[in-house]
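The values are calculated or read from the model by the stated rules, or taken from the named source; none is laboratory data. Here the structure is a predicted model, which means the values were calculated and not measured. Cβ coordinates were reconstructed from backbone atoms using ideal geometry, including for glycine residues, and neighbour counts include every protein chain displayed. Remember, those area values only see protein heavy atoms, side chains included, never the ligands or the DNA or RNA. Shrake-Rupley method; radii C 1.70, N 1.55, O 1.52, S 1.80 Å.
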Amino acid sequence: MSARLAVVGGGVIGSMIAWRAARNGWRTTLHAPDIDGAGTSVAGGMLGCAGEGRPGEDALLEFALAARDRWPALLADLEGSGVDTADIMVAADTLLVAADSSDSGHLRAVIDHLAAFDMRPEPVDRNRMRSAAAMLGSGVRRGYLASGEGAVDNRALLAAVRCGAHSAGVTVTTEKFCRIDDLDADQVVVATGSWAPDLIEGAPVTAEKGEILRLSRPPSAPPPPDVVVRARWRGRSVYVVPRRDGVVVGATQYEAGDRADTAPRVGGVSDLLIDATELMPGLAEYRVAEIGSGLRPTTPDGLPLVGRCDDRTVVAVGHGRNGILTAPLTAEIVVDLLDAAPSPPTSPWVARLDPRRFA
Ligand SMILES: Cc1cc2nc3c(=O)[nH]c(=O)nc-3n(C[C@H](O)[C@H](O)[C@H](O)COP(=O)(O)OP(=O)(O)OC[C@H]3O[C@@H](n4cnc5c(N)ncnc54)[C@H](O)[C@@H]3O)c2cc1C
């Protein structure tokens, strides 16, 4: 009889771990209650590396690059499990742009920093920018194309992973657990994102809130861009991610004082609308389909906490602003850890992501 695994948390991290573990023979239950503010369903879905590269966050960028390499195999595996992946990828490249000279200086510093990681987004002229994103306004001053840095529809991704999990025999419940000891399983994986401290006492995870918009395109409006557009716009950041029927515009980022306060703030929404319609004036013709906000589970050094807490419990939380991108690599590390026990796991990331590194 195979061993029983309980995965707590049905976001992208928990769902992907449950699917992978079940494929490897674990008798898996995924505990996936619906809690307001979960990051997976609100995210922009960018698989961002160059767009997320910030001086001082080298380890995070290395983790993001390693995760990006897992995506082709992930999509192939989902297809191999009979899951339709046609709606998952929504863009293949990212255009990084800046507005005024101060924004251009900021973007230039990021581009220089990326060279140390052998990433060289290509400078592009106005014509090239407009052929990828016809709606770009005249305020755009500088642009670089990060080829191969795409985006997924996060909701389609979660649905596909859940479908794969179902085919692999995962049982899904909506039960919310308050104590790990109450779970009837041989091994437990805690993947509760921003709610990690509720189950793992003292887990160094805080929540960063973000507003995000979904705009739908009426037939008369210009089409969405072919690429992700990430802008440094008059000192703020804004991005536009294509969807089949419109775009996602995101996102604000600030510390969430209270995790229960998931209502979008008027100021955040208005900043996004102002910046996005200056960046792409044609978006003014789109319809506001959804105003959302969610929580990014954040750790003191920006890297997630992935690893063993004790003989029965593994944790996979704290994926910050990159959890969609890094989910496949996280699932690989966790399932390797579960399968290898009692031998040590093989992934070189295990030591760097050790959940006890702040103790
Ligand atoms: C506005 C915004 C935009 C973002 N854009 C991007 C992006 O473009 N690209 C990217 O890679 N990342 C992005 N992110 C980050 C990404 O969404 C998160 O890193 C990711 O969702 C983390 O996944 P998770 O499964 O750990 O957590 P979540 O998605 O938050 O899921 C945690 C789950 O745990 C469940 N849970 C909580 N407590 C319990 C309990 N006691 N028992 C059972 N279940 C419980 C919750 O119901 C929830 O479903 C964005 C986040 C935000 C907020």
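Values computed for the structure shown
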quantity: For the chain: relative contact order, % (alpha-carbon pairs under 8 angstrom, 6 or more apart); calculated: 25 percent
quantity: Length added when fully stretched, D118-C163, from 0.36 nm per residue minus Cα-Cα; calculated: 12.5 nm
quantity: Net dipole in debye of the stretch 47-101 [+1 Lys, Arg Cβ; -1 Asp, Glu Cβ; about Cα centre; nearest 20]; calculated: 60 debye
quantity: For the stretch 146-217, accessible area per residue (1.4 Å probe, heavy atoms of protein chains only), Å²; calculated: 42 Å²
quantity: Mean residue ellipticity (222 nm) of the chain, computed from DSSP H runs ≥ 4 via -39,500 (n - 2.57), nearest 500; calculated: -9500 deg cm²/dmol
quantity: Residue-normalised accessible area of the stretch 278-356, given per residue in Å² at a 1.4 Å probe; calculated: 38 Å²
quantity: Apportionment of accessible area to carbon and sulfur, the stretch 111-235, percent (1.4 Å); calculated: 47 percent
quantity: Separation of the R141 and A76 label points, Cα + 7 Å toward Cβ, nm; calculated: 4.4 nm
quantity: Given charges at beta-carbon only (K, R positive; D, E negative), |dipole| of the chain in Debye; calculated: 640 debye
quantity: Fully extended contour minus Cα-Cα distance, from D69 to S104, at 0.36 nm per residue; calculated: 9.7 nm
quantity: Label point distance in nm, D58-A359, each placed 7 Å from Cα along Cα→Cβ; calculated: 2.8 nm
quantity: Over 20 Å [Cα-Cα, the stretch 212-359], rounded percent; calculated: 59 percent
quantity: If the convex hull is drawn through the Cα atoms of the chain, its volume per residue in Å³; calculated: 132 Å³
quantity: On Cα atoms only, tilt of 101-115 relative to the major axis of the chain in degrees; calculated: 40 degrees
quantity: Accessible surface of the stretch 279-332 [probe 1.4 Å, protein heavy atoms]: carbon and sulfur percent; calculated: 51 percent
